[in-house]
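Coordinate-derived values only; no laboratory data. In this text the structure is predicted, and so the values were computed from the model without any measurement. Here the Cβ positions follow ideal geometry from the backbone for every residue, glycine too, while neighbour counts run over all protein chains shown.
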Amino acid sequence: MSSAVLAVDQGTSGTKALVICPERGVIGSGFAPVAPRYGPGDSVETDPRELLSSVLDAGRQALADAAEPVAAVGLANQGETVLAWNPDTGEPLTDAVVWQDRRAAPLCAALAEHDEELTRITGLPLDPYFAAPKMAWIRRGLTTDGVVTTSDSWLIHRLTGAFVTDAATAGRTQLLDLDEVAWSPRALELFGLDGERLPEVVDAAGPVGTTTAFGAPVPLTGLLVDQQAALLAQNVTEPGGAKCTYGTGAFLLTQTGASPRRTGSGLVSCVAWRLGGETSYCLDGQVYTVASAVRWLTDLGVVSGAADLDPVGSAVPDSGGVVFVPALAGLAAPWWRGDVRGSLTGLGLGTGPGHLVRALCEGIAAQVVELASAAAADLGRPLTRLRVDGGLTRSALLMQTQADLLQLPVEVSALPDVTALGAGAVARLGLDPALTLADAVPDGRPSAVYEPRIGPDEAAERLGRFRAEVTTLLERSPDAPRVP
């Protein structure tokens, strides 16, 4: 019998699938793009049928590439993306409202007096980034029919007929009691969702159902939200370790162990995974626009794509005084100011594409430094290194800038597609409960380690310019920042 598994990472801009053999590593791969639609009023939507077809296409490509059967399937998902759908037919009733969508902001404003209570119950601050505000927005403005869930539950139902979500994905809704790891009646009441039929909350590893979507019947045995899948694949399984994924956004997670750690720094506390009924927790911080900010520069014609960052940015020695706060969809952790928009200052007649690229890299890296500093404050000790993954880690300029501003070594994963590898790891654990985490998680050394090339004084000066600009943006807005 085959011991390989099919690992599927359904992401914002595409779906990646890998066939992973425990002895030979990745033996097959596939990819299918997804095209989110960015519209007026901070709307971001995707056709759910495109999400499903991308899963099927990428999975079938990977299986054809491997040219051998698999024993199980694992699925990672994009977390806070939601839709309404008919549980009898499986047909979508709305488009998928993507995690970046901000149209639920007025709903959150109306619930502002309950922000502290919701944060205490769920670990998450009241923000349209999370799933519950989007679910309530769909119910109030689009449809009251069917069920409204995160996208993983719909995909799982289409693949197997089951109606479930894993504990970590449930933890991204703002409807999960963080301590009980069960749906919170109070949170449901506050969002007006107390009459909803919700999926069963299950472990990340274990049989969910059987799918024939990829050919012969095969069990679905692994489920995990994307960033936690990357945390697992990066082998950050002990308290104090941290990883950052650079994708559409940037996501820094640090493991906190068997107890949730309430945070005063602006990071969110959430479930890392639940395995064998035992829950591990993490702290999570987000930068909303990273690869999407690169795409913005590309659309303006400054670069032709992410591959241009290094050659264009390396043509100049520094940013030339340009400061870029790439808050093109608002500021996430630790500020939680979705109303704030980005800024580009310090422009002059001599400003060229290279300066804009360097300023963008500094803006992304500076926001990650803020997340790392918040994590260190919550943990009570400084981070000693940062493990990183994601498409933009291919940019040596961005990674060197990150190490310089962070003043710590930045270790780039040698394993591409770590989110899919995390989905594969939980699929293997679900297939063989005798395996340990150490058995299931791939062991890899970094492909590159970036050490700081500047001293702490210069790093502090560059960070100071960025922070001053963020302060200016916060002061321009009528709302006071939640986190000082």
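What the table below lists for this structure:
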| item | result |
| --- | --- |
| Most to least packed among 149-160, 417-428, 256-267 [average Cβ atoms within 10 Å] | 417-428, 149-160, 256-267 |
| The chain: antiparallel DSSP beta bridges as a percent of all, rounded to 5 | 75 percent |
| C-alpha center-to-center spacing [segment 6-83, segment 389-430] in angstrom | 18 Å |
| Extension gain from Asp47 to Ala377, taking 0.36 nm per residue of separation minus the Cα-Cα distance | 114.8 nm |
| Karplus-derived HN-Hα couplings along segment 370-386 (A = 6.51, B = -1.76, C = 1.60, θ = phi - 60°), whole Hz, x at Gly and Pro | 4, 5, 5, 5, 5, 5, 5, 5, 5, 7, x, 7, x, 5, 9, 6, 10 |
| Part-to-part distance (alpha-carbon centres) for segment 316-334 and segment 348-373, which is given in Å | 5 Å |
| 10 Å-binned pair-distance histogram of segment 5-233 (Cα, whole percent) | 8, 34, 35, 17, 5, 0 |
| The chain, helix-only ellipticity at 222 nm - DSSP H runs n ≥ 4, -39,500 (n - 2.57), divided by all residues, nearest 500 | -10000 deg cm²/dmol |
| Highest average packing first - 291-303, 225-237, 387-399, Cβ atoms within 10 Å | 225-237, 387-399, 291-303 |
| Radius, Kirkwood style, for the chain when every pair of distinct Cα atoms is counted (Å) | 22.4 Å |
| Net length gained if the chain between Val449 and Ser259 were fully extended (0.36 nm per residue, minus Cα distance) | 65.3 nm |
| Dimensions (Å) - segment 1-130, Cα atoms, principal axes, largest first | 56, 31, 29 |
| Spatial separation of Cα centroids for segment 269-286 and segment 159-196, in angstrom | 15 Å |
| ³J(HN,Hα) computed for each position of segment 196-213 - Karplus, 6.51 cos²θ - 1.76 cosθ + 1.60, integer Hz, glycine/proline x | 6, 8, 10, x, 5, 8, 10, 5, 5, 10, x, x, 9, x, 10, 10, 10, 5 |
